[in-house]
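The values are calculated or read from the model by the stated rules, or taken from the named source; none is laboratory data. Given the structure is predicted, the values throughout are model-derived calculations rather than measurements. All Cβ positions, even for glycine, are placed from backbone atoms using ideal geometry, and neighbour counts span all protein chains on display. Just the protein is used for accessible areas: all its heavy atoms, side chains included, with ligands, DNA and RNA removed. Shrake-Rupley method; radii C 1.70, N 1.55, O 1.52, S 1.80 Å.
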Amino acid sequence: MSLQTSGLVIVVSGPGGVGKSTIVDDLVKRDPNLWLSRSWTTRERRQGEVADAYKFVTREQFERHIADGGFLEWTDFLGNLYGTPTPSAPDGKDTVLEIEVDGAQQVKKLNAKALLLFILPPSRQEQKSRLRGRGDSDQKVEKRLRKAEEEEPVGKAIADYVIVNDDLGATVEEMIRIIDYERKQRNV
Ligand code: ADP
Ligand code: 5GP
């Protein structure tokens with residue numbers, strides 16, 4: 001599978017509950033040149049989660065799409081499958097992928113020019129309270145916190161930029177500045 005896009009590919013990664021979805025939703029509203037890819041997942045929709053947060057599918061549908069070569073990358077994250085369908089950004093737009101670190105590594109291999117922004121929580125305690133605050137069960141919170149210990153060293157090692165999401169507005173501002181700068185540097 002190759003990654004054919006005329007624009008920049010921006011990968012936003014980081015442990016669960018750090019604020020990735022919130023950040024990318026804000027980013028695409030603020031920058032009309034950005035196009036957000038919608039992932040597929042086999043996990044159930046969370047209570048209160050918007051219906052188009054993902055394309056929610058069965059494992060059979062997901063596996064059929066793998067067999068058809070329909071994913072740029074996919075992975076098993078804590079027992080559910082998540083994947084980026086082959087991107088199709090409108091002409092002239094840059095693609096934003098909000099994915100975990102295994103997927104980020106796969107995308108980096110496919111496109112060396114991809115810009116990888118790795119987001120960290122201000123502390124594990126704050127990450128825990130964000131996960132709880134969005135309604136994750138205690139078991140899910142614990143699994144995501146443990147997974148974060150594995151993900152962070154890998155994410156930091158492959159990232160172009162590491163950003164601590166303390167104040168949301170400041171994080172989005174910083175990302176907009178980085179993206180503007182890298183658009184010029186990477187000349188894509
Ligand atoms: P992720 O996509 O990384 O799993 P979410 O975007 O679902 O994380 O965010 C988890 C929770 O934290 C949400 O309830 C969100 O509103 C909240 N959140 C995100 N960023 C911040 C921030 N900077 N400060 C406080 N709460 C935040
Ligand atoms: P959640 O269940 O919290 O929505 O997502 C779990 C993890 O899967 C998060 O780290 C999220 O970024 C990641 N994720 C979401 N979509 C994709 C995808 O298409 N590919 C990969 N590799 N990870 C994804």
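Before moving on, here are some points about what is shown:
- Restricting segment 1-15 to residues that are in contact (Cβ under 8 Å) with a residue 40 or more places away in the chain, assigned to a loop (DSSP other than H, G, I, E, B) and more than 8 Å from ligand 2 (Cβ to nearest atom), the residue that is farthest from Q139 (Cα to Cα) is S6.
- Candidate set from segment 16-42 (those that are within 12 Å of ligand 1 (Cβ to nearest atom) and assigned to a loop (DSSP other than H, G, I, E, B)); member that is farthest from K147 (Cα to Cα): S39
- Residue check for G70: open to solvent by less than 30 Å² (accessible area, probe 1.4 Å) and within 20 Å of L27 (Cβ to Cβ): no
- Checking each residue in segment 150-188 for being charged (D, E, K, R) and without any contact (Cβ under 8 Å) to a residue 40 or more places away in the chain picks out E150, K156, D167, E173, E174, R177, D180, K184.
- Of all residue pairs spaced 6 or more apart or on separate chains, those with beta-carbon atoms under 6 Å, a first member in segment 31-54 that is within 12 Å of ligand 2 (Cβ to nearest atom) and a second member that is among the polar types (S, T, N, Q) and in a loop (DSSP other than H, G, I, E, B) are Y54/S39.
- Yes/no for L117 being more than 28 Å from R30 (Cα to Cα), open to solvent by less than 20 Å² (accessible area, probe 1.4 Å) and part of a strand (DSSP E or B): no
- Only residues that are open to solvent by 40 Å² or more (accessible area, probe 1.4 Å), in a helix (DSSP H, G or I) and hydroxyl-bearing (S, T, Y) were counted in segment 130-177, giving 0.
- Out of D160, D94, D167, sole residue that is charged (D, E, K, R) and closer than 24 Å to Y54 by Cα: D94
- Looking across segment 74-95 at every residue that is of a type in the set (A, V, I, L, M, F, W, C) and touching a Phe, Trp or Tyr at 6+ places or on another chain (Cβ under 7 Å), the one that is farthest from ligand 1 (Cβ to nearest atom) is identified as A89.
- Segment 52-62 - residue that is farther than 19 Å from G16 by Cα and either basic (K, R) or in a loop (DSSP other than H, G, I, E, B) (or both) and, of those, least open to solvent (accessible area, probe 1.4 Å): V57
- Test: residue in segment 81-96 that is open to solvent by 50 Å² or more (accessible area, probe 1.4 Å), outside any helix (DSSP H, G or I) and either acidic (D, E) or touching a Pro at 6+ places or on another chain (Cβ under 7 Å) (or both): yes
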